[in-house]
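The values are calculated or read from the model by the stated rules, or taken from the named source; none is laboratory data. In this text, all values refer to a predicted model and were calculated from it rather than measured experimentally. Note: ideal-geometry Cβ built from the backbone for every residue, glycine included; neighbour counts use all protein chains shown.
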Amino acid sequence: MKPADKEILSDLRRIIRSVNLEAKRVEREFGVSIPQYLCLQHLNEQPEFTASMKEIKDVLQLNASTATGIVQRLERGGYVAKLPKRDDKRKSLIVLTERGAEVVKRNPQILHERLLERLQELGPEEYANLRSAFRVIIEFLEIERIDAAPIVTAEAMLPTDSGQKV
């Protein structure tokens, strides 16, 4: 292995480690995972602090089962409540509770927000080079199929051939 190869592998490991450490920090300090926090943040920005499961799924850019798991954990923790829709009792609305609003009020600056700030500072050429480098890494790792929202988090779901998540 060439020294440059070792550097690239170390850099990749450093990125993975920082994402894992950030996820643990947010969970330890605020009691929720990063995707859970982003769900709470979305609800906090909505009229009447309410959204449908479909809206939450779309905002987080995750599949339905992953979004459902996030909401279920938030509900168990008392951060959100499920209320039946007035016009269709088979569907539920997700409502931010006072406890969930407190987490958003404490406003953790999470890794992906800091990264977004830095990305906005890049010039067009630097930005294009960075995008290209990530595409190469994704192709090398053969991870194009991983379900990924534009959220920096340690949580990722890889579909199997049967369509189930692992």
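How many residues, within segment 42-71, are farther than 18 Å from residue 104 by Cα, over 15 Å from the mean Cα position of the chain (by Cα) and of a type in the set (D, E, K, R)?
Residues flagged as farther than 18 Å from residue 104 by Cα, over 15 Å from the mean Cα position of the chain (by Cα) and of a type in the set (D, E, K, R) within segment 42-71 amount to 1.
Name the single residue, out of those in segment 56-74 being in contact with a strand residue (DSSP E or B) (Cβ under 7 Å, 6 or more places away or on another chain) and of a type in the set (S, T, N, Q), that is surrounded by the most Cβ atoms within 10 Å (Cβ to Cβ).
If we take residues in segment 56-74 being in contact with a strand residue (DSSP E or B) (Cβ under 7 Å, 6 or more places away or on another chain) and of a type in the set (S, T, N, Q), then 66 is surrounded by the most Cβ atoms within 10 Å (Cβ to Cβ).
Among the candidates 118, 99, 114, which residue alone is within 17 Å of the chain's Cα centre (by Cα) and part of a helix (DSSP H, G or I)?
Only one candidate qualifies: 114.
Restricting attention to segment 15-55, and to residues there that are of a type in the set (Val, Ile, Thr) and under 20 Å from residue 81 (Cα atoms), which single residue is surrounded by the fewest Cβ atoms within 10 Å (Cβ to Cβ)?
By that ranking, first place goes to 50.
The set of residues from segment 7-61 being β-branched (Val, Ile, Thr) and either touching a Pro at 6+ places or on another chain (Cβ under 6 Å) or closer than 20 Å to residue 99 by Cβ (or both) comprises 26, 32, 34, 50, 56.
If the condition is being among the small types (Gly, Ala, Ser) and either assigned to a helix (DSSP H, G or I) or touching a Ser or Thr at 6+ places or on another chain (Cβ under 6 Å) (or both), then segment 121-147 contributes 128, 132, 133.
Residues of segment 92-147 that are closer than 19 Å to residue 23 by Cα and in contact (Cβ under 8 Å) with a residue 12 or more places away in the chain: 100, 103, 104, 106, 108, 110, 111, 112, 115, 146, 147. Tell me yes or no: at least one residue of segment 78-86 is out of contact with any strand residue (DSSP E or B) (no Cβ under 9 Å at 6 or more places or on another chain), crowded, with 19+ Cβ neighbours inside 10 Å, at negative phi and among the aromatic types (Phe, Trp, Tyr). Taking every residue of segment 78-86 in turn, none turns out to be out of contact with any strand residue (DSSP E or B) (no Cβ under 9 Å at 6 or more places or on another chain), crowded, with 19+ Cβ neighbours inside 10 Å, at negative phi and among the aromatic types (Phe, Trp, Tyr).
If we keep just the residues of segment 49-91 that are part of a helix (DSSP H, G or I) and among the basic types (Lys, Arg), which is farthest from residue 146 (Cα to Cα)?
76
Just so you know, in segment 102-111 the residues that are exposed (fewer than 15 other Cβ atoms within 10 Å of the Cβ) and in a helix (DSSP H, G or I) include one that is modelled with the lowest pLDDT, and it is 106.
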